[in-house]
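The values are calculated or read from the model by the stated rules, or taken from the named source; none is laboratory data. Note that the coordinates shown come from a computational prediction; the quantities given were computed from them, not determined experimentally. Neighbour counts are summed over all protein chains in view; Cβ atoms, including those assigned to glycine, are modelled from backbone coordinates with ideal geometry.
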Amino acid sequence: MDVQAGALYEYAVQLLGDPRTEAGRRLLQERSPLSHAGQFVRTLLIAQGANDPAVPRDQSDRMVAALKAAHRPVTYLLYPEGHGFIRRQNQLAFHAVAESFLAQYLGGSSGPIGSDLDRSVLRQGVFSLVR
């Protein structure tokens, strides 16, 4: 680890907790959304890039599993991309689903999805929806 990365890691440890110590691991566990999945009262929308190096897919998979185990509603969108959606058709599909999701759960209106899912991975069957 280079000096700059090491300094950034130490800064994050001070803010979030130190996984190298028992107290730090306990603090991280207490702060983890996984530890509070049963307390969620609203539907959650999770959009994940399957190849995301910053937020590994396993983290979203575990959160979805914890929510389902707690009988909490969740919508899970999984794209074969990295961090952020680069492919324009996946961006359009995500925004169309998010708009519909927000209108359904927060109220308001949304336009028809129409052709926004065309050529996206959602249309090609790579998408996961868990309710």
Filtering segment 11-60 down to residues that are farther than 23 Å from Arg72 by Cα and either hydrophobic (A, V, I, L, M, F, W, C) or at pLDDT below 90 (or both) yields Ala12, Val13, Gln14, Leu15, Leu16, Gly17, Ala23, Leu27, Ala54
Those residues of segment 1-48 which are in contact (Cβ under 8 Å) with a residue 40 or more places away in the chain and surrounded by 11 or more Cβ atoms within 10 Å (Cβ to Cβ) amount to Thr43, Leu45, Ala47
Just checking, does segment 57-71 include any residue being part of a loop (DSSP other than H, G, I, E, B) and assigned by TED's automatic domain parsing to the domain that holds Ser100? yes
Being on the phi < 0 side of the Ramachandran plot and in the same structural domain as Asp118 (by TED's automatic domain parsing) narrows Leu8, Leu102 down to just Leu102
A careful count of residues in segment 101-111 that are surrounded by 13 or more Cβ atoms within 10 Å (Cβ to Cβ) and either over 19 Å from the mean Cα position of the chain (by Cα) or not hydroxyl-bearing (Ser, Thr, Tyr) (or both) gives 4
Matching residues in segment 85-118 (free of Cβ contacts under 8 Å to residues at least 24 places away in the same chain and within 21 Å of Asn51 (Cα to Cα)) number 4
Those residues of segment 51-100 which are surrounded by fewer than 16 Cβ atoms within 10 Å (Cβ to Cβ), more than 15 Å from the chain's Cα centre (by Cα) and hydrophobic (A, V, I, L, M, F, W, C) amount to Ala69, Ala70, Ile86
